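K.L.:
Questions regarding the structure given below will be posed in turn.
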Amino acid sequence: MSTYLKGNFFMMEEHYFQCPYCWAEISMLLDPSVEEQVYIEDCEVCCNPIELRVAFEEGELTYFEANDIEQ
């Protein structure tokens, strides 16, 4: 799904990937208005915490990484 500018803000972008714990395909909404992001979200299937590393350039997703958090 591509990102586009509406008015003066970017629309959230839905991104699909595999959970690093249960391998289920899940999706999360990403905010293209912040160029570099690192944050934690729980898998919607197994509820384990996933570290997300995301980068956007001019509103386009240029980097995405989803890692398990060793506990």
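K.L.:
Count the net charge of all other residues whose Cβ sits under 11 Å from the Cβ of ALA55, scoring Lys and Arg as +1 and Asp and Glu as -1. Please list the in-between numbers first.
P.N.:
Working: positive: ARG53; negative: GLU35, GLU36, GLU57, GLU60, GLU65.
Within the 11 Å Cβ shell, the charges total -4.
K.L.:
Please turn the phi angles of segment 16-32 into ³J(HN,Hα) values with the Karplus equation 6.51 cos²θ - 1.76 cosθ + 1.60 (θ = phi - 60°), one per residue in order, whole Hz, x for glycine and proline.
P.N.:
Those phi angles translate into 9, 7, 8, 5, x, 9, 9, 6, 6, 7, 10, 9, 9, 8, 10, 9, x Hz.
K.L.:
If you don't mind, there's one more thing I want to ask. Heavy-atom accessible area per residue, the chain, 1.4 Å probe: how many Å²?
P.N.:
On the way: 4920 Å² over 71 residues.
With all protein chains present, the chain gives 69 Å² per residue.
K.L.:
Here are a few candidate values for volume of the Cα convex hull per residue in Å³: (1) 79; (2) 124; (3) 96. Which one was actually calculated from the structure I just gave you?
P.N.:
(1)
K.L.:
Output the lone cysteines of the chain: those with no second cysteine's C-beta under 4.7 Å from their C-beta.
P.N.:
CYS47
K.L.:
Okay, moving on. Calculate one ³J(HN,Hα) per residue across segment 41-57 by plugging θ = phi - 60° into the Karplus curve 6.51 cos²θ - 1.76 cosθ + 1.60, and present them in order as whole Hz with x for glycine and proline.
P.N.:
9, 8, 4, 6, 9, 9, 6, 6, x, 10, 7, 10, 10, 9, 9, 10, 9
K.L.:
Could you please state, rounded to a whole Å, how far the C-alpha centre of segment 16-36 is from the C-alpha centre of segment 46-71?
P.N.:
6
K.L.:
Once you keep just the Cα pairs under 8 angstrom separated by 6 or more residues, what percentage relative contact order results for the chain? List each step's numbers first, then the result.
P.N.:
Working: 138 pairs, mean separation 17.9, N = 71.
Reported as a whole number, the value is 25 percent.
K.L.:
If you count only protein heavy atoms and use a 1.4 Å probe, how large is the accessible surface of GLU25, to the nearest 10 Å²?
P.N.:
Near enough 140 Å² of accessible area.
K.L.:
Can you check what the net charge comes to around GLU25, using other residues whose Cβ is under 13 Å from the Cβ of GLU25 (Lys, Arg +1; Asp, Glu -1)? Walk me through the numbers on the way to the answer.
P.N.:
On the way: positive: none; negative: GLU14, GLU44.
That works out to -2.
K.L.:
Quick one: ranking ILE26, ILE69 by accessible area, 1.4 Å probe, largest first, what do you get? Don't skip to the answer; put the middle values down first.
P.N.:
Details: ILE26 0, ILE69 50 Å².
In descending accessible area the options line up as ILE69, ILE26.
The values are calculated or read from the model by the stated rules, or taken from the named source; none is laboratory data. Note that the structure is predicted; figures quoted are calculated from it, not measured. Neighbour counts run over all protein chains shown; Cβ positions are idealised from the backbone, glycine included. Surface areas here come from the heavy atoms of the whole protein model, side chains and all, with no ligands, DNA or RNA. Shrake-Rupley method; radii C 1.70, N 1.55, O 1.52, S 1.80 Å.
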